[in-house]
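All of the numbers you see were taken from the coordinates with simple rules; none came from a lab. Fair warning: this is a prediction, and the values are worked out from it, not measured in the lab. Using ideal geometry, Cβ is built from the backbone for each residue, glycine included, and neighbour counts are taken over all protein chains shown.
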Amino acid sequence: MNLQTIALFPLHTVLFPGGPLLLRVFETRYLDMIRRSLKGEQDFGIIQIQTGSEGETASIYSTGTIARIVDWSQGDDGILGIVVHGGDRFRVLQAETLPDGLNVGRVNVLDEDPGTLVPVEYALMAEVLEKILNSLEEQYASVSRDMRNAGWVANRLAELLPLDMVDKQKCLEIAEPLTRLRQLQGMIRETRADDE
């Protein structure tokens, strides 16, 4: 086990390993969290809210992703904008809210996806992903592409496809990349069947 204590940033979104996420931060507790992260003092993780609202006490899922700040800027409105890339996934073992309202968790950092190649039966999914990414060049300019890696392809599809957040969370929780691709393929088929 790779145990760490990290700050938790509960949101109504899912961050996948290797993927980008733009955040606007204005609450003092999260500004302090970002400051500590930029100084290298403490990592933080993005974790999806299961029930409740941002800014309030909320129930969270048990699996999230460590966030790495890659860019930041201060807006004219005083709100901090940051771009993070997803690092390793983690599983929350214990969580608590500090007196300042910041959530922290004792987490087990999960292993990276193995470098599994995209099998031929999923090659079309990788081709579709490449077309999607080419249309989103600006948003994904800072993201290294690995179109042959099954885990990378599955993560990008899960974050970009119009899936509901529960399905995105299910994909994040699947440890094995080919199983994740198979799950996504089933979700795509269900969506197409619903549209017909």
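Details
- Length released on extending from residue 57 to residue 189, taking residue separation times 0.36 nm less the Cα-Cα span: 43.9 nm
- Using distinct alpha-carbon pairs, which all enter the 1/r mean, Kirkwood radius of the stretch 3-109 in Å: 13.7 Å
- Cα→Cβ-extended label distance, 7 Å offset, between residue 91 and residue 111, nm: 1.3 nm
- Sequence ranges 92-98, 165-171, ranked by mean other-Cβ count within 10 angstrom, highest first: 165-171, 92-98
- R0 of 22 Å, Cβ-Cβ distance residue 128-residue 179: FRET efficiency to nearest 0.05: 0.70
- Anisotropy class assigned to the chain is prolate, per the alpha carbon gyration tensor with a/c at or over the 1.5 cut-off and a/b larger than b/c.
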